[in-house]
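Everything on this sheet refers to the single structure shown next.
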Amino acid sequence: MTLQQRLLEPRALLAPGVYDALSALLAEQAGFEALYLSGASIAYTRLGRSDVGLTTYSEVEDTLARITERVRTPVIVDADTGFGNALNVQRTVRGLERAGAAMIQLEDQTFPKRCGHLDGKSVLPVAEMQGKLRAALDARASTLILARTDAVAVEGLDAALDRAEAYLGCGVDALFIEALRTPAQMDMACRRFAPRVPLLANMVEGGKTPVQSVDELAARGFRIVIFPGGTARAVAHALAGYFASLHEHGSTAPWRDRMLDFDALNRVIGTPELLERAKRYE
């Protein structure tokens, strides 16, 4: 089933954040119907840095290509600002579509952008963002386009909703109103847009938006729910504990019940099947 077909169903779509082929494979094996390639998580894991516009187009494209070569689950890709003006957006859309994106997210922040749940953001003029979205729609062959506005923190809720309306008028396939502050704001967004277009809810642990379950968000009217950075935060927490234990004990023995052994990891990544396939060519 394509992502477009899945979004026609009334059930909300839950997409966990992933940042490389292994995290994507584990998410697919857990049974998720879509994955979200988080720009912030690429910055966290590839650069060891914050989500403040340091990640480049080529890093996102390379990460996406490695993921889609390994898994079949549709991937929603965070393409930040499109990495430049309307012409840059077209190159970004074409490249990410070639790399296997099922949906490409573009936001209206100025560059350098920053995480949607950090303070100090700024946004483009509406007309400029509309031009970038039209450029994206002209460039895509079949990939869905998701328009994100960060204007709630900059211009207020009413202006953000008006921006979303203007972006929807360009013909985008889904909307993302970032960092809604309260359940009341979430309901206002859903009342205005949910009957007409899939709305995405972004759940960030410790962020601006109240974290709710996919069922709660679906009841409000959201059709796509992402937990984009939770994976990186869970991994960082686990690795911090693992490294502290190894440093203290000089052995992994105290951690063995919280890790896979050699054979178990090979089963997860498909080593037995890979070696069996290799026999065809001997």
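The values are calculated or read from the model by the stated rules, or taken from the named source; none is laboratory data. Just so we're clear, the structure is a prediction, and the values are computed from it rather than from any experiment. All Cβ positions, glycine included, derive from the backbone under ideal geometry; neighbour counts span all protein chains shown. Side chains included, ligands, DNA and RNA excluded: accessible areas come from the protein's heavy atoms. Shrake-Rupley method; radii C 1.70, N 1.55, O 1.52, S 1.80 Å.
Taking Glu128 as the residue in question, decide whether it is closer than 16 Å to Gly84 by Cα, of a type in the set (Asp, Glu) and crowded, with 19+ Cβ neighbours inside 10 Å.
Working: closer than 16 Å to Gly84 by Cα: yes; of a type in the set (Asp, Glu): yes; crowded, with 19+ Cβ neighbours inside 10 Å: no.
Taking the combined requirement at face value, the residue does not satisfy it.
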Checklist (1) part of a loop (DSSP other than H, G, I, E, B); (2) closer than 27 Å to Val126 by Cβ; (3) touching a residue at least 60 places away in the same chain (Cβ under 8 Å); (4) open to solvent by 30 Å² or more (accessible area, probe 1.4 Å) applied to Gly53, failing item: (4)
Filter result (within 15 Å of Arg163 (Cβ to Cβ) and either in contact with a Leu (Cβ under 8 Å, 6 or more places away or on another chain) or open to solvent by 20 Å² or more (accessible area, probe 1.4 Å) (or both)) within region 106-123: Leu106, Asp108, Gln109, Thr110, Lys121, Ser122, Val123
Every residue from region 109-140 that is modelled with pLDDT of 95 or more, under 20 Å from Tyr36 (Cα atoms) and among the small types (Gly, Ala, Ser): Ala136
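Scan region 1-49 residue by residue and report those that are acidic (Asp, Glu) and closer than 23 Å to Glu107 by Cβ.
Once the filter is applied, which keeps residues that are acidic (Asp, Glu) and closer than 23 Å to Glu107 by Cβ, region 1-49 yields only Asp20.
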Which listed residue is closer than 29 Å to Arg46 by Cα, open to solvent by 50 Å² or more (accessible area, probe 1.4 Å) and among the hydrophobic types (A, V, I, L, M, F, W, C), from Val268, Val225, Val204, Val211: Val211
Verdict on Gly84 being open to solvent by less than 10 Å² (accessible area, probe 1.4 Å), in contact (Cβ under 8 Å) with a residue 24 or more places away in the chain and not aliphatic (A, V, I, L, M): no
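Those residues that are in contact (Cβ under 8 Å) with a residue 12 or more places away in the chain, out of contact with any helix residue (DSSP H, G or I) (no Cβ under 9 Å at 6 or more places or on another chain), part of a loop (DSSP other than H, G, I, E, B) and open to solvent by 20 Å² or more (accessible area, probe 1.4 Å), I need them from region 2-29; list them, please. So that I can check it myself, show each step before the final result.
Within region 2-29, the first condition is being in contact (Cβ under 8 Å) with a residue 12 or more places away in the chain, and the residues that meet it are 2-4, 6-7, 11-29.
Now drop any that are not out of contact with any helix residue (DSSP H, G or I) (no Cβ under 9 Å at 6 or more places or on another chain), which leaves 2-4, 6-7.
So of that shortlist, the ones also part of a loop (DSSP other than H, G, I, E, B) come out as 2, 7.
Of everything in region 2-29, just one residue is in contact (Cβ under 8 Å) with a residue 12 or more places away in the chain, out of contact with any helix residue (DSSP H, G or I) (no Cβ under 9 Å at 6 or more places or on another chain), part of a loop (DSSP other than H, G, I, E, B) and open to solvent by 20 Å² or more (accessible area, probe 1.4 Å), namely Thr2.
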Every residue from region 240-252 that is assigned to a helix (DSSP H, G or I) and either open to solvent by 70 Å² or more (accessible area, probe 1.4 Å) or of a type in the set (Ser, Thr, Tyr) (or both): Tyr242, Phe243, Ser245, His247, Glu248, His249
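Has region 174-193 got any residue that is open to solvent by 20 Å² or more (accessible area, probe 1.4 Å) and either in a strand (DSSP E or B) or closer than 25 Å to Leu37 by Cβ (or both)?
No; the residues of region 174-193 include none that is open to solvent by 20 Å² or more (accessible area, probe 1.4 Å) and either in a strand (DSSP E or B) or closer than 25 Å to Leu37 by Cβ (or both).
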Count of residues meeting criterion [surrounded by fewer than 21 Cβ atoms within 10 Å (Cβ to Cβ) and out of contact with any helix residue (DSSP H, G or I) (no Cβ under 8 Å at 6 or more places or on another chain)] in region 30-46: 3
Residues located in region 152-173, provided they are part of a loop (DSSP other than H, G, I, E, B) and over 19 Å from the mean Cα position of the chain (by Cα): Gly156, Cys170, Gly171
